[in-house]
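A.B. asks: Before I ask anything, let me first share the structure, which is written out below as structure tokens.
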Amino acid sequence: MKVGIGLPNAVRGVDRAGIVDWAQRAEAAGFSSLGTIDRIAYPNYESLIALAAAAAVTERIQLVTDILISPLRSNAALLAKQAATIDHLSGGRLVLGLAPGGREDDYAASGVDFHGRGKILDEQLSAMKAIWEGQTSVGPEPGRPGGPVILIGGSSPASFRRAARLGDGWTMGGGTPDMFAEALASLHEAWKAAGRDGRPQTMVLFYFALGDDGAEVAARNLGDYYGFLGDYASMVIDSAATDAGTVRAYLEAFEQAGCDEVICFPANPDPAQVDLLAEAAL
């Protein structure tokens, strides 16, 4: 199983070091991927721009949106062009995790119909694939023939069907190893029903904040980001790995559940977290 690390693009207080220095440290440490989390109505760094900055200072590490709320970018041609540009510049390292999201304020800020987000995503996927395959005049050509790898996020039956019809696999945006194993069975059923060969790629994330103040930092930053969830925010905070033993236990459990790659997302923007995670996970 591969182990990736998230960029702290959605952690308050992130700055250049939390993208550029972080990306270079992550590649040197041997992590498989750099991931981003997406929002509009929050003071985070935009996901694709953050990955473009990371692409410019790295050579090998994979670049992953986990996930990008693509219906917020309702111009499919422009989104396809942006993704192809990053993929081309990075030598085919982009993986697009895409999902409709669930925050109405993000959609209000973007002027996009919240209730039509699933339909928009389906239409975007079809349009972007046609562009990446050279069926239109929109370029550049992506670095990977046919376009970036597509992973679909979400835990609904519609998400599994969308992954099977239009994606290369599926990503779970948080949850336990048991939840992942249960969802994986549903994904395989949808994959088979769609007549797909092979097996879907799979990815999952969990949060971490290591060091003496890990629990305090996780509570503050995850509480700020997920405060809109009410009582559920406490569950997100409590699930964060704040010591090396918990990191290793999570990784082992997800590997046993059959996951292909886990991305450990930070709740602390300090680049020293990269080295602490590497000691625990690699």
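Please treat every number below as a calculation from the coordinates, not as lab data. Just so you know, these numbers come straight off a predicted model, no measurement behind them. Positions of Cβ are backbone-derived with ideal geometry, glycine not excepted, and every protein chain shown enters the neighbour counts.
A.B. asks: Starting with the highest mean, order 64-74, 169-179, 145-155 by the number of other Cβ atoms within 10 Å, averaged over the residues of each peptide.
C.D. replies: Packing order, densest peptide first, comes out as 64-74, 145-155, 169-179.
A.B. asks: Shifting gears a bit: Report the full-extension gain for the segment E216 to L89: residue separation times 0.36 nm, less the Cα-Cα distance, to one decimal in nm.
C.D. replies: 41.9 nm
A.B. asks: What's the extension gain from I49 to K2 if we count 0.36 nm per residue and subtract their Cα-Cα distance?
C.D. replies: Fully extending the segment from I49 to K2 adds 14.5 nm.
A.B. asks: How would you order 223-233, 38-48 from highest to lowest mean count of nearby Cβ atoms within 10 Å?
C.D. replies: My ranking of the peptides, most packed first, is 38-48, 223-233.
A.B. asks: Let me ask another. If you plug each phi of the stretch 11-22 into the Karplus form 6.51 cos²θ - 1.76 cosθ + 1.60 with θ = phi - 60°, what whole-Hz ³J(HN,Hα) values come out, in order, with x for Gly and Pro?
C.D. replies: Per residue, the Karplus-derived 3J(HN,Hα) values read 9, 4, x, 5, 9, 3, 4, x, 10, 6, 4, 4 Hz.
A.B. asks: With the calculation restricted to Cα positions, what are the radius of gyration and Dmax of the stretch 23-174 in angstrom?
C.D. replies: 14.7, 43
A.B. asks: Then there's this: Computed FRET efficiency, Cβ-Cβ of E252 and E182, R0 22 Å: what is it to the nearest 0.05?
C.D. replies: Efficiency, rounded to the nearest 0.05: 0.75.
A.B. asks: In Å and from the alpha-carbon atoms only, list the Rg and Dmax of the stretch 186-254.
C.D. replies: 16.6, 50
A.B. asks: Give the Rg/Rh ratio for the stretch 2-281, taking Rg as the radius of gyration of the Cα atoms and Rh as the Kirkwood radius, to two decimals.
C.D. replies: When Rh is taken as the Kirkwood radius, the ratio is 0.94.
A.B. asks: Net charge around W132, counting only other residues with Cβ within less than 9 Å of its Cβ (Lys, Arg = +1; Asp, Glu = -1)?
C.D. replies: Value of the local net charge: -1.
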